[in-house]
Amino acid sequence: MYGYASATGRDEVGDDPGWLSRTFERYPERVRQAVSSALREPAELYHSPVHEVRLPTWHRGAVVLIGDAAHSLAPVWAQGAALAIEDALVLAQLLATRDDWASLGREFEERRRPRVQHVQRMTDRLSRSAALPGWLRELVLPVVGPRSYRDTYTPLKVPVATTSG
């Protein structure tokens, strides 16, 4: 089983896996049962801080990094797999349409970096809002939510690659 839990503003995440029970104590019964099941064998649990990858360049010579190797994100917005698939589509299109691959890494990066940076900024924003006290989130999000939604998703409606039939 894989799970992601933000312990921001809650108990410290230490060697005691009991923080999971406390984190999910208000979740539906099915979630609490899954957590309880996982806690039966605490030695099998693995937890660590979230690490992101933000590299200054994604290519060197004939090597081009894509997906998490180039730009892993915190899982708060669940966009990592989507970005990796987009990277693969764009890279495949470039490989299929270029005879000279010498500048391919630079071109790939020029096409992908703005979108990836947008998703990184939105992930950072979501992480910051998740860290707010609950009462403040409930007060602010209904007001700023619709604009934030548009700011977040409108740029993602632009296709990253085209297909030819």
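We did not get these values from a lab; they are worked out from the coordinates using the rules stated. Here the structure is a predicted model, which means the values were calculated and not measured. In this analysis, Cβ positions are derived from the backbone assuming ideal geometry, glycine residues included, and neighbour counts consider all displayed protein chains.
Selection of region 97-117 for residues being within 12 Å of the chain's Cα centre (by Cα) and surrounded by fewer than 16 Cβ atoms within 10 Å (Cβ to Cβ) yields only Gln117.
Residues that are over 18 Å from Ala82 (Cα atoms): which helices (runs of 4 or more DSSP H) entirely in region 18-71 hold 3 or more of them? Spell out the reasoning first.
On the way: elements: 19-23, 29-39, 68-71.
The helices (runs of 4 or more DSSP H) meeting that bar are 19-23, 29-39.
When you check Ser72 against the structure, is it more than 15 Å from Arg112 (Cα to Cα) and among the hydroxyl-bearing types (Ser, Thr, Tyr), yes or no? So Ser72 fails the test.
Give the residues of region 74-87 that are farther than 15 Å from Gly3 by Cα and not in a helix (DSSP H, G or I), sorted by residue number. Passing the criteria: only Gln79.
Being in contact with a His (Cβ under 8 Å, 6 or more places away or on another chain), exposed (fewer than 14 other Cβ atoms within 10 Å of the Cβ) and of a type outside the set (Lys, Arg) narrows it down to one residue among Pro142, Pro155; which is it?
Details: Pro142 fails: in contact with a His (Cβ under 8 Å, 6 or more places away or on another chain).
After applying the criteria, what remains is Pro155.
If you go through region 114-137 and pick out every residue that is under 30 Å from Ala88 (Cα atoms) and in contact (Cβ under 8 Å) with a residue 40 or more places away in the chain, you end up with 8.
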